[in-house]
């Protein structure tokens, strides 16, 4: 199940954790059922009980979300990677001088598949909020930097291919064997995101969008081997008619320490425990631009705590 489906549960847990501490640390605003001078409920006016009127709520000691803040967090992330196109470039380069590639395009044959991996992680965040008051509430706008370290890695499933091609324009046939490996390791990433929220009392639900920057080891290898004009029986030899010529090529893509660039979107809830301390729960989705034709995306749920200055 995608991690974004767990966001409602995470928000409920944050609320349950925050309310007892909030109640112990701060007085909740009190309700007054009757305005000054209103008749008590057992007083009859024209034969009917007096109608109660609510006095306006006065919120005291609530969070002022303006200013700088920082905090730490832990979470759970799921990374998915699609390696189906990652061997295209190295195979095409290996076979660039053969009619095999120009007429049959073995580079487009999918050798590697998709993989996923989930792991716990930790990190931190820092940001700044500004507040725009409206008659019905407070709009909170801010900018936040977020960093996450997770032990995420991927190993692509490998499905070796062996195919015999038809006769090409030069009268040759090819027996082609392709295998490969794909791997992502040592991933960490951060985001710089713009936040917008709606502050009411000590609660701040928010959404965000921003840019993501990551770093990981991405390594893809492939081996393409086979025979030109393979014999129907016996061993491959240049003395065959037509000559049977064996071939073998290998190629690589990616490198250690690749920089990743992408986008981040998500939503969350901050809950103030005191005027300077808050807890949060949030969901984030990150997608990186393809590296070595490998597409990576990350779904994360997090819980954290912060201090506002």
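The values are calculated or read from the model by the stated rules, or taken from the named source; none is laboratory data. Keep in mind that this is a model prediction, so the values were computed, not measured. Ideal geometry is used to build each Cβ from the backbone, glycine not excepted, and the neighbour counts take in all protein chains shown.
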Could you check residue 284 against (1) out of contact with any helix residue (DSSP H, G or I) (no Cβ under 7 Å at 6 or more places or on another chain); (2) buried (at least 22 other Cβ atoms within 10 Å of the Cβ); (3) farther than 20 Å from residue 69 by Cβ and say which number it fails? (3)
Provide a single number: the residues in region 96-135 that are farther than 22 Å from residue 160 by Cα and over 32 Å from the mean Cα position of the chain (by Cα). 4
Filter result for the condition that a residue is buried (at least 20 other Cβ atoms within 10 Å of the Cβ), in a loop (DSSP other than H, G, I, E, B) and either touching a strand residue (DSSP E or B) at 6+ places or on another chain (Cβ under 9 Å) or modelled with pLDDT of 90 or more (or both), over 63, 79: 63
Mind telling me which of the residues 152, 192, 187 ends up being modelled with pLDDT under 95, touching a strand residue (DSSP E or B) at 6+ places or on another chain (Cβ under 9 Å), part of a strand (DSSP E or B) and over 26 Å from residue 100 (Cα atoms)? 187
Can you list the strands (runs of 3 or more DSSP E) found entirely within region 239-309 that contain at least 1 residues being touching a strand residue (DSSP E or B) at 6+ places or on another chain (Cβ under 9 Å), in contact (Cβ under 8 Å) with a residue 24 or more places away in the chain and more than 30 Å from residue 176 (Cα to Cα)? 258-272, 277-288, 295-308
Residue set 171, 180, 199; condition over 30 Å from residue 236 (Cα atoms) and either part of a loop (DSSP other than H, G, I, E, B) or in contact with a strand residue (DSSP E or B) (Cβ under 9 Å, 6 or more places away or on another chain) (or both); output residue 199
Being surrounded by 15 or more Cβ atoms within 10 Å (Cβ to Cβ) and at positive phi, is that true of even one residue in region 248-258? yes
Residues (part of a loop (DSSP other than H, G, I, E, B) and on the phi > 0 side of the Ramachandran plot) located in region 94-149: 105
